[in-house]
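A short worksheet on the structure shown next.
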């Protein structure tokens, strides 16, 4: 293996690794382990949801009925397009000639993430106007509906936080990559960041079903 | 790590994820339709199963789990395995209460 193949002298090579291939293997294992533990973090919330749904199915159905499918559905579509764009960016990143192409798709993914947040903002605004935030003014009297909305705010809020971090990471990737094209080709950061972005989409795919679908048909 | 193969055409890079995206959108449409269908007690299970298929597609193709090393597939599977344990222990309590 030549010096270049080992990534020696590359700006992407970090301590403690001596070869870029090993750094890539370790980084990928790291992000998968991170995703698995994050999945369990959300898993605790899913488990809480399941127990309360079991205890108060009527309250959960009525709560879910008050959520707005048009917002949830458009956000699901936006995020699916976004993670498809991230997948294209990750594939293209390894060819120096395709750096600009790949970064264009990183920007598409990040902008769709911003669109998701904008739609979420409209939804939150509408929810607050309808008094769907748990508290003394909460709109639905059925037992369990308030718990459903506590879950709604916590889960979507945490997901939005992950999304904001993801948008920041994608933007950092595109900006640094434009300044240092060779770094962009060498670094495992492109794959790691797009994997994180895929994870954020996986969580939303599950949340969409838990939040918007139970209360649709009676 | 630079790749010495000749770069593929844009259509070769966009095509496969675009196809998976179409599948995902179709599954989403079916899932929303199922939510309005009179499926009774099965409705939520159907919704969750369809979401599960979507998650598998995203994992295999967008997150490239298909190409990953066995170690990384194991890492991805542990998240799911521990979640199953969590649900089994919780519901072995709630579902068996008198």
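Readers should treat all values here as calculations from the given coordinates under stated rules, not as data from a laboratory. Since the model is a prediction, treat every value here as computed from it, not as a measurement. Heads up, the Cβs are rebuilt from the backbone with ideal geometry, glycines too, and the neighbour counts pull from every protein chain shown.
Observations on the model:
- Acute angle (nearest 10 degrees) that the helix A:145-179 long axis makes with the longest principal axis of chain A, alpha-carbon atoms: 20 degrees
- Against chain B, whose longest principal axis comes from its Cα atoms, helix B:43-57 is set at around 20 degrees.
- Choice from B:16, B:70, B:38 showing the highest fluctuation, given a GNM over chain B with Cα pairs closer than 10 Å: B:38
- Shielding score for A:193-205, defined as the mean number of other chain Cβ atoms within 10 Å: 4
- Compared with the direct C-alpha span, the chain from residue A:104 to residue A:128 gains 5.0 nm at full extension, assuming 0.36 nm per residue.
- Protection proxy ranking for A:99-109, A:31-41, using the average of other Cβ atoms within 10 Å per residue and placing the highest first: A:99-109, A:31-41.
- Averaging Cα coordinates gives a centre for segment A:164-199 and one for segment A:117-159; these two points are 33 Å apart.
- Between the Cα long axis of helix A:57-66 and the first principal axis of chain A there is an angle of about 70°, rounded to the nearest 10.
- For A:182-191, mean number of other protein chain Cβ atoms within 10 Å: 1
- Here the peptides A:81-89, A:127-135 are ranked by packing, the mean other Cβ count within 10 Å, and the order with the highest first is A:81-89, A:127-135.
- Annotation: for a label point projected 7 angstrom from Cα along Cα→Cβ of residue B:48, residues of segment A:40-64 with backbone N closer than 12 Å are A:46-54.
- Partner shielding of B:18-29 amounts to 3, given as the average count of beta-carbon atoms from other chains within 10 Å of each residue beta-carbon.
- P(r) tail fraction, segment A:35-170 - alpha-carbon pairs more than 17 Å apart, %: 66 percent
- Given R0 = 41 Å, the distance between the Cβ atoms of residue B:33 and residue A:171 translates into a calculated FRET efficiency of 0.65.
- Largest first and in whole Å, the equivalent-ellipsoid semi-axes of the protein assembly as shown read 39, 21, 17, each the square root of five times a Cα gyration tensor eigenvalue.
- Spin-label pair residue A:58/residue A:14, simplified geometry with 7 Å Cα→Cβ offset, distance in nm: 5.4 nm
- Debye-formula intensities of chain B, expressed as log10 I(q)/I(0) at q = 0.12, 0.20, 0.22, 0.23 Å⁻¹, are -0.63, -1.13, -1.18, -1.19 (one equal scatterer per alpha-carbon, no solvent).
- Distance between the 7 Å Cα→Cβ label points at residue B:73 and residue A:139: 4.8 nm.
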